[in-house]
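Structure first, then comments.
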Amino acid sequence: MRAPRVPGFVAASRRRGPRLLTALLLLALLAAAADPAFGADRAKPVSAVRTPQTGTASWYGREHAGKPTASGAVFDPDRLTAAHLKLPLGTRVRVTHVASGRSVVVTINDRGPYVRGRIIDLSHEAAEQLGMVDKGLAKVRLEVM
């Protein structure tokens, strides 16, 4: 025997389909979000950036001290660190001031610079060792270690 038809009433078996589909999609999204690779930094692998880069470097200093970097570390302007848009976090890079020949090895721990034409943002200490603090900008060559 069939259930009587009631206006506005939808059988439970008909409602379950869309709810089940919605629940499964939600679970799939949650599983993807829990995956450490989901939304992870899509930087090029180190092997893809072995060729030296040449361009303009800038530096950032005390105004950012104590703030978190992209790597999660707290920024310390007295350490030899830098920001790069594509190199993987933790990459060690030799930065050479083209005009003076001075060089320093820094660790990439942040993202940037976000100014067109610049290839790296150095910590104050790294800029000091390269002799570029006063000018603020310098032409440099980057070599992945």
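Since every read-out is calculated from the coordinates, none of them should be taken as a lab result. Given the structure is predicted, the values throughout are model-derived calculations rather than measurements. Methodologically, a virtual Cβ is constructed for each residue, glycine included, from the backbone with ideal geometry; neighbour enumeration extends over all protein chains shown.
For R79, the amide hydrogen comes within under 5 Å of the amide hydrogens of E125, counting only partners 5 or more places away or on other chains and with H modelled in the peptide plane. 3J(HN,Hα) couplings calculated from phi for region 109-124 with the Karplus curve 6.51 cos²θ - 1.76 cosθ + 1.60 (θ = phi - 60°) are, in sequence order, 10, 8, 9, x, x, 9, 10, 4, x, 9, 10, 7, 10, 9, 5, 4 Hz; Gly and Pro show x. Expressed as a whole number of Å, what is the distance separating the alpha-carbon centroids of region 71-97 and region 98-135? Region 98-135 and region 71-97 have Cα centres separated by 9 Å.
Where does region 46-145 land on Rg(C-alpha)/(2.2 N^0.38 Å)?
On the way: Rg = 12.0 Å, N = 100, 2.2 N^0.38 = 12.7 Å.
Here the answer is 0.95, to two decimals.
Arranged from fewest to most other beta-carbon atoms within 10 Å of their beta carbon, S71, S58, S123, S100 become S100, S71, S58, S123.
Simple spin-label estimate for T56 and R19 gives 6.1 nm between the two label positions (7 Å along the Cα-to-Cβ direction from each Cα).
Residues whose amide H falls under 5 Å from that of G112, counting only those 5 or more places apart or on a different chain, are H84, L85, with hydrogens built in the peptide plane.
Here the Karplus relation 6.51 cos²θ - 1.76 cosθ + 1.60, evaluated at θ = phi - 60°, turns the backbone of region 129-145 into coupling constants of 5, 7, x, 10, 4, 5, 6, x, 10, 7, 7, 10, 10, 10, 10, 6, 7 Hz, with x for every Gly and Pro.
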